[in-house]
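As structure tokens, the structure follows; a few thoughts come after it.
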Amino acid sequence: MRYIITRSCLQEGGMRLLKYNEALFPESGPATFVDDRGEEYAVQIDRDQARVLGLGRLFHRHNLGVNDVMIVTALEAGRYGVETVVKPYAQAPAPQQRETVCAPAPETRRVVVSSTPHVREVRTQTVQAVPAASGPVPQPAPAAQTQVAPPQTTQPQPAPSAPAQTAATPVVTGPAVQASTPRREERAAPVAAQAQPSVQVQSVARPVATPDAPATVPAVLGDSDEDQVSEFARLCGYRLEFPAPGLMRLKADLGPQYGYSVLLAASEDAARRPEWTGGSDDHHLLLCAESQRPAGYNRLTREALSALSEHARLAPLSPVDLRGYWRAGSVDLESAASVAELVSAHLAQRGTFSFVLLTLAQQPAHSVVSVPRLAERLGSGVNTAELHTVLDTLTRAPFLALTPLPGGQYLLRTGVGDLLGDLADYAQGVRRRVRTPVGAGHVNA
């Protein structure tokens with residue numbers, strides 16, 4: 001079973017149980033995950049909350065991030081094997097070095113000699129780093145001390161002056177310390193670190209769905225409702241309109257054959273307005289909580305709306321994909337779980353492609369790719385049909401990474417690292433030439 005890791009998974013340290021994977025975990029209770037290194041992780045299966053909790057340490061040890069893949073296999077009752085696939089553009093973290101109590105060798109650092117709001121003078125200085133056992137890292141010195149720091153690059157200091165050089169270390173300012181100290185961050189850390197700033201930005205600059213939208217927000221409409229619907233419209237390609245206070249229209253401008261509109265009411269009072277039934281909208285839904293079931297209305301729950309937006313951030317969702325859900329009537333978390341299966345299938349295909357690329361990266365350029373040996377190295381994660389599809393794709397533009405050879409083999413024309421670099425340059429060149437059509441600002445680009 002393939003599982004695509006989302007932002008909420010990293011924040012909660014667990015995985016969700018959906019329709020396509022809940023059968024793998026038939027009972028609630030403790031269980032054990034075993035990775036490909038043989039290390040075991042104690043987890044807790046909670047079918048009532050549809051969660052498998054306790055995976056935070058596994059995410060950390062395998063340096064997993066958003067869109068990375070876990071392949072979970074049932075070994076026996078309460079015991080599961082797990083393999084991880086990291087997306088190809090992920091960079092490995094800086095290796096952690098053991099700290100020793102012995103004095104390290106002298107090193108060269110960039111020291112700020114003088115600083116103004118526009119100009120900063122920096123010189124190179126040879127210093128003796130403070131051993132790990134000597135105490136905490138000293139705080140940066142005030143600007144006045146920084147300006148009087150003597151440069152140490154003109155003449156080397158004799159051995160007895162080493163303590164003086166160590167004492168001068170606090171003179172280095174904050175920017176210089178950051179430039180000289182290796183950063184040891186896990187890839188999962190920025191996810192939680194970026195969550196709070198993103199909320200602050202959205203609260204200051206709220207998304208605008210269409211140029212036709214009024215400049216002022218209707219008073220009846222709650223900020224959270226408008227923000228969620230605006231973000232959903234932007235991600236999925238709807239044009240958002242406000243026909244009356246408390247009413248929002250999601251319009252799919254796809255022509256007479258595929259176009260449609262969905263009218264949302266923020267409250268039952270808004271649904272009593274004449275615009276609710278007087279228009280030509282195809283679908284009418286009332287925004288409410290998952291626990292509410294208003295009589296006489298099809299509902300769109302706020303929890304489902306949030307889940308749909310999260311799915312749309314992971315994989316493209318279009319009005320064509322969602323039309324059947326509007327036709328079904330109400331859209332709740334059960335419907336959103338069905339959309340999650342569609343998104344997971346899309347991301348699984350992307351994960352398969354990445355898995356094959358990462359395996360091909362172990363071969364040098366201008367070498368022969370043997371399909372049976374490649375399939376053996378991939379293991380059960382990729383079946384034969386998927387492998388041939390990926391290899392066939394890599395033979396065509398814009399990749400042109402493989403050349404078919406007789407006997408079902410391929411020639412790897414370039415290294416995977418160089419291939420990805422060329423593709424990045426190609427994409428950037430095309431992107432600079434792309435112009436957004438006038439009036440298409442509401443479309444998710």
(request) Determine the shape class of the range 248-292: with a ≥ b ≥ c the square roots of the Cα gyration tensor eigenvalues, call it rounded for a/c under 1.5, and otherwise prolate if a/b is greater than b/c, oblate otherwise. (result) oblate
(request) Show me 40-52, 19-31, 242-254 ranked by packing, highest mean number of other Cβ atoms within 10 Å first. (result) 242-254, 40-52, 19-31
(request) With a point put 7 Å past each Cα toward its Cβ, work out how far Q44 is from L405 in nm, to one decimal. (result) 5.5
(message) Using a 1.4 angstrom probe on the protein heavy atoms only, could you order R413, R302, R239 from most to least accessible area?
(response) R413, R302, R239
(message) If packing is taken as the average count of other Cβ atoms within 10 Å, what order do 5-15, 417-427 fall into, highest mean first?
(response) 5-15, 417-427
(request) With a/c under 1.5 counting as rounded, go ahead and sort the range 350-401 into rounded, prolate or oblate using the C-alpha gyration tensor (a ≥ b ≥ c being the square roots of the eigenvalues; past the cut-off, prolate if a/b is larger than b/c, else oblate). (result) oblate
(message) Output wanted: per-residue J couplings in Hz (rounded whole) for the range 406-412, from phi through Karplus 6.51 cos²θ - 1.76 cosθ + 1.60, θ = phi - 60°, x for Gly and Pro.
(response) x, x, x, 9, 9, 9, 7
(request) Measure out, as a whole number of angstrom, how far apart the alpha-carbon centroids of the range 320-352 and the range 9-73 sit. (result) 22
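The values are calculated or read from the model by the stated rules, or taken from the named source; none is laboratory data. Keep in mind the model is a prediction, meaning the values are calculated, not measured. As a convention, Cβ positions derive from the backbone with ideal geometry for all residues, glycine included, and neighbour counts pool all protein chains shown. We work out accessible area using only protein heavy atoms, side chains counted, and drop any ligands, DNA or RNA first. Shrake-Rupley method; radii C 1.70, N 1.55, O 1.52, S 1.80 Å.
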